[in-house]
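Notes follow once the structure below has been shown.
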Amino acid sequence: MKRVLITGAAGFLGSHLCDRMIQEGYHVMGMDNLLTGSLDNIEHLFKLRQFEYYHHDVSKFVHVPGKLDYILHFASPASPIDYLQMPIQTLKVGALGTHNLLGLAKDKGARILVASTSEVYGDPLVHPQKEDYWGNVNPVGPRGVYDEAKRFLEAITMAYHNFHKVDTRIVRIFNTYGPRMRLNDGRALPAFFSQAIRGEGLTVFGDGSQTRSFCYVDDLVEGIYRLLLSDYALPVNIGNPQEITILDFAEEIIGLVGNPRARIVYRELPEDDPKVRQPDITLARELLGWEPKVPRREGLMRTYEYFKKYVGNLSQEKA
C-alpha cells in the first residue's frame with residue numbers, strides 16, 4: 001500500500017484530501033498543529049487502519065518513519081482573518097515548512113505536491129489569470145505575508161526540482177467552498193452563510209463589484225489528484241472559471257437561505273483586496289482532462305446543509 005503524508009490534514013482542504021486518498025487505496029499520514037484546523041474534520045478517520053495522525057508544526061523539522069511515496073503540503077493559514085492575526089506563522093509555514101517537506105521528499109524519494117494559491121497573482125492586471133502571468137503583489141501590504149509565502153513556496157519548490165531533481169507538482173488554488181469550511185474564517189462564503197442564517201447583515205466590502213470564482217471542493221480535489229499523478233512540474237490553475245460579483249453572490253445566498261431578516265450591509269474595501277479573480281483553466285483541461293462539474297447552485301445547497309447544522313437555523317434561534 002502506497003503511503004502519503006498530508007500536511008494541514010485537519011483543515012478544510014486537507015481533510016477532504018485525506019478522504020480521497022484513503023478512498024483511492026493509500027495509507028494516509030495526516031499532520032497538523034491545529035492552528036486553524038480542527039480534529040472534527042478528520043474524527044471519522046481515526047477508526048481506520050489506513051489513517052494515522054501526527055500533531056506537529058511543519059515549520060519545525062519533519063520526520064516520518066518508513067517509506068513515503070507522496071507528500072501533499074496543504075498546511076497554512078488560508079484566509080485574511082488568519083494571516084492578519086498570524087503573519088509570522090503564515091510566512092514560516094510557507095517558507096520553513098515547505099523547505100522541511102521538500103527536504104523530506106528528497107530524503108524519501110517521494111513526489112511532493114505543494115498548495116499554492118491564486119493570491120500569487122495579487123490584484124491582477126491581467127484577466128482571467130493564466131499560469132504565465134507573474135502577478136501584481138504588494139509585498140509590504142497586509143496580505144503580503146500570505147502572497148509572498150506562497151510565491152516563495154513556488155520558487156523553492158522549483159529550485160528543489162531543478163537542482164536536487166525532486167519530483168514536484170504545484171497547484172494554484174482559486175476560491176474553494178464546501179462542507180468543513182470554518183464558520184468564522186472571514187472569507188465571503190462562510191461569512192455570508194453564517195450571517196444569512198442568523199438574519200444578520202451580509203457584509204459586502206466596497207460596492208461589491210469585485211469578482212470571485214468559486215469551485216466546489218469535490219471538483220478541486222479531483223483536479224489535485226489528477227495533477228499529483230501527472231508528469232507536469234510547473235504551476236497549474238485549479239478553479240472554476242464561472243465568475244460572479246461579490247454583491248450578486250451575497251444576493252444568491254440570501255435567496256438560498258430565505259431568511260427575511262437577512263440584508264446587505266456595505267463596509268470599506270480592505271487594502272489590496274483583489275478587484276477580479278478568475279482562473280484560465282486551459283492548461284488543466286489540456287493536461288489533466290479536468291474541469292469543474294458541480295454547478296454552483298448544487299454546491300451551495302450541499303454547503304448550506306453543513307452550515308445550517310453548525311450555525312443553527314431560524315427555528316433553533318427562535319427556540
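Computed from the coordinates by the stated procedures, all read-outs in this text should not be read as laboratory data. Please read all numbers here as calculations on a predicted model, not as lab measurements. Don't worry about glycine lacking a Cβ; one is built from the backbone with ideal geometry, like all the others, and counts go over all protein chains shown.
Here the convex hull built on the C-alpha positions of segment 1-103 has a volume of 86 cubic angstrom per residue. Listed by chain and number, the lysines whose alpha-carbon sits under 21 Å from that of K67, ignoring those within fewer than 8 places in the same chain, are K2, K106, K108, K165.
Straight-line cross-link partners of K309 among the lysines, defined as a Cα under 20 Å from its Cα and at least 8 positions apart when in the same chain: K318.
Expressed as a fraction of 2.2 N^0.38 Å, the C-alpha radius of gyration for the chain is 0.97.
Loop-located chymotrypsin sites (Phe, Trp or Tyr not before Pro) across segment 174-252 with a Cβ neighbour count of 15 or fewer within 10 Å are Y232, with loop assigned by DSSP.
Note on I71, I197, I22: ascending count of other Cβ atoms within 10 Å places them as I22, I197, I71, the fewest first. A Cβ-based charge dipole, computed about the Cα centre of segment 234-319 with Lys and Arg at +1 and Asp and Glu at -1, lands at about 520 debye.
Let me know the shape class of segment 204-250, please: from the alpha-carbon gyration tensor, a ≥ b ≥ c as square roots of the eigenvalues, rounded when a/c is under 1.5, otherwise prolate if a/b is greater than b/c, or oblate. Prolate, since a/c reaches 1.5 and a/b exceeds b/c. Select from I22, G135, L125 the residue farthest towards the positive end of the dipole of segment 1-144; place +1 on Cβ of Lys and Arg, -1 on Cβ of Asp and Glu, and compute about the Cα centre. With unit charges placed on the Cβ atoms, the residue in question is I22. Proximity of backbone amide H atoms, modeled 1.01 Å from N, is registered between L269 and G206 at under 5 Å, excluding neighbours fewer than 5 places apart on the same chain.
Relative to the longest principal Cα axis of the chain, at what angle does helix 144-163 sit, 0 to 90 degrees, rounded to 10? Value to nearest ten degrees: 30. Each Lys and Arg Cβ is given +1 and each Asp and Glu Cβ -1; about its Cα centre, the chain then shows a dipole of about 740 debye. Database remark: amide H of G122 closer than 5 angstrom to the amide H of N136 (H placed geometrically; neighbours at sequence offset of 5 or more, or on other chains; Pro and chain starts carry no H).
In the chain, the longest principal axis of the Cα atoms and the axis of helix 12-23 are about 50 degrees apart. Relative to the longest principal axis of the Cα atoms of the chain, the long axis of helix 188-198 makes an angle of roughly 40 degrees. Computed 3J(HN,Hα) for segment 93-108, one whole-Hz value per residue from the Karplus formula 6.51 cos²θ - 1.76 cosθ + 1.60 where θ = phi - 60°, is 6, x, 9, 5, x, 5, 4, 4, 6, 5, x, 5, 4, 4, 5, 8, glycine and proline marked x.
For K275, the lysines whose Cα falls under 24 Å of its own Cα, not counting residues fewer than eight places away in the same chain, are K130, K150.
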